[in-house]
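Just passing along the structure, written as structure tokens.
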Amino acid sequence: MTFDDLLERAASLVRPDRRAILGVAGSPGAGKTTLAERLVAELNGDGGHWVAQVPMDGFHLADVELERLGRRDRKGAPDTFDAAGYAALLRRLREQDEDEGDGDGDGDGDGIVYAPGFERTLEQPIAGAVPVPRTARLIITEGNYLLLCDAVWERVRAQLDEVWFCELDESERVSRLVARHEKFGKDHETAVAWVLGTDQRNADLVAATRARADLVVGPAVTASGSTPRVPRAHRPPGSRSAR
């Protein structure tokens, strides 16, 4: 399998009469966001906007709420997210009609759905940070717990056409995660302690869901080359950007 194969598989999820949602799961630091961003960039390589990215991280509970719940020291665990809200947004995106709104595509009408984002510098969710236009026929969403065997998280899985599991060598994953924490303000000792403690407990939970994935994507695939512009065959039938 090559990265071009991933592009073709992702595009094939879309049907002329409905939007598709692809999930990218994996442990913290495994490269989920990098893979999702690359898929979006390549599939939109012709300047179109038929693929959009919606991160699960926008549904982190704010620190003030984590403090109230006594979960601040476990930030990133499954119960520190608004999983029900995430599932509801995915359902709204799935059910959104392509032709709703005022039709001008300028973002001022009801045709735009706004999703929350996550600001890593602040380590806080940001409401209304991710606009999803009605022209987006494929939504790519990435997060740790898309395959978790838990009632509320299974409501998330029910909205996804496929879930791919992003896998990385464990030592490389840990190294990248420590570097990420340092980049966003933690000193080295604090970063290592968090990665080997809270992050590792979460990583173990995620690793146990690997078998539920529709596809496992290793680093050899994500590192392979792809065409700079997506061939027309990789665009969904009936897509406005393909016209």
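Return the residues of the range 35-81 that are outside any loop (DSSP other than H, G, I, E, B) and among the acidic types (Asp, Glu); say none if nothing qualifies.
Selection gives Glu37, Glu42, Asp57, Asp63, Glu65, Glu67, Asp73, Asp79.
Residue by residue through the range 15-40, note down the ones that are at pLDDT 95 or above and hydrophobic (A, V, I, L, M, F, W, C).
Ala20, Ile21, Leu22, Val24, Ala25, Leu35, Ala36, Leu39, Val40
While we're on this one: Evaluate the following for Ala84: is it at pLDDT 90 or above, within 19 Å of the chain's Cα centre (by Cα), of a type in the set (A, V, I, L, M, F, W, C) and surrounded by fewer than 18 Cβ atoms within 10 Å (Cβ to Cβ)?
Spelling it out, Ala84 is indeed at pLDDT 90 or above, within 19 Å of the chain's Cα centre (by Cα), of a type in the set (A, V, I, L, M, F, W, C) and surrounded by fewer than 18 Cβ atoms within 10 Å (Cβ to Cβ).
On to the next question. Filter the range 31-84 down to residues that are acidic (Asp, Glu) and without any contact (Cβ under 8 Å) to a residue 24 or more places away in the chain and give me whichever is farthest from Leu160 (Cα to Cα).
If we take residues in the range 31-84 being acidic (Asp, Glu) and without any contact (Cβ under 8 Å) to a residue 24 or more places away in the chain, then Glu67 is farthest from Leu160 (Cα to Cα).
Only residues that are loosely packed, with under 13 Cβ neighbours inside 10 Å and not in a helix (DSSP H, G or I): list them for the range 168-177, please.
Matches in the range 168-177: Asp169 only.
A quick yes/no check of all residues on (1) in contact (Cβ under 8 Å) with a residue 12 or more places away in the chain; (2) on the phi < 0 side of the Ramachandran plot; (3) aliphatic (A, V, I, L, M); (4) touching a His at 6+ places or on another chain (Cβ under 6 Å):
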residue	(1), (2), (3), (4)
Val113	yes, yes, yes, no
Thr121	yes, yes, no, no
Thr141	yes, yes, no, no
Ser175	no, yes, no, no
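Turning to a different aspect of this structure: In this structure, does Ala191 turn out to be under 19 Å from Leu122 (Cα atoms), among the aliphatic types (A, V, I, L, M), buried (at least 16 other Cβ atoms within 10 Å of the Cβ) and free of Cβ contacts under 8 Å to residues at least 24 places away in the same chain?
yes
Since Ala115 meets every condition but one in (1) surrounded by 21 or more Cβ atoms within 10 Å (Cβ to Cβ); (2) closer than 19 Å to Gly31 by Cβ; (3) under 17 Å from the mean Cα position of the chain (by Cα), which condition does it not meet?
(2)
Across the range 203-236, what is the total count of residues that are at pLDDT below 50 and under 17 Å from Ala20 (Cβ atoms)?
Counting residues in the range 203-236 that are at pLDDT below 50 and under 17 Å from Ala20 (Cβ atoms) gives 3.
Within the range 14-27, does at least one residue satisfy the condition of being touching a helix residue (DSSP H, G or I) at 6+ places or on another chain (Cβ under 7 Å) and surrounded by fewer than 16 Cβ atoms within 10 Å (Cβ to Cβ)?
Scanning the range 14-27, I find no residue that is touching a helix residue (DSSP H, G or I) at 6+ places or on another chain (Cβ under 7 Å) and surrounded by fewer than 16 Cβ atoms within 10 Å (Cβ to Cβ), so the answer is no.
Identify all residues within the range 126-167 that are in a loop (DSSP other than H, G, I, E, B), under 15 Å from Asp214 (Cβ atoms) and not acidic (Asp, Glu); write none if there are none.
Leu146, Leu147, Ala158, Gln159, Leu160
The values are calculated or read from the model by the stated rules, or taken from the named source; none is laboratory data. None of these values were measured; they are calculated from a predicted model. Cβ: placed from backbone, ideal geometry, glycine included. Neighbour counts: every protein chain shown.
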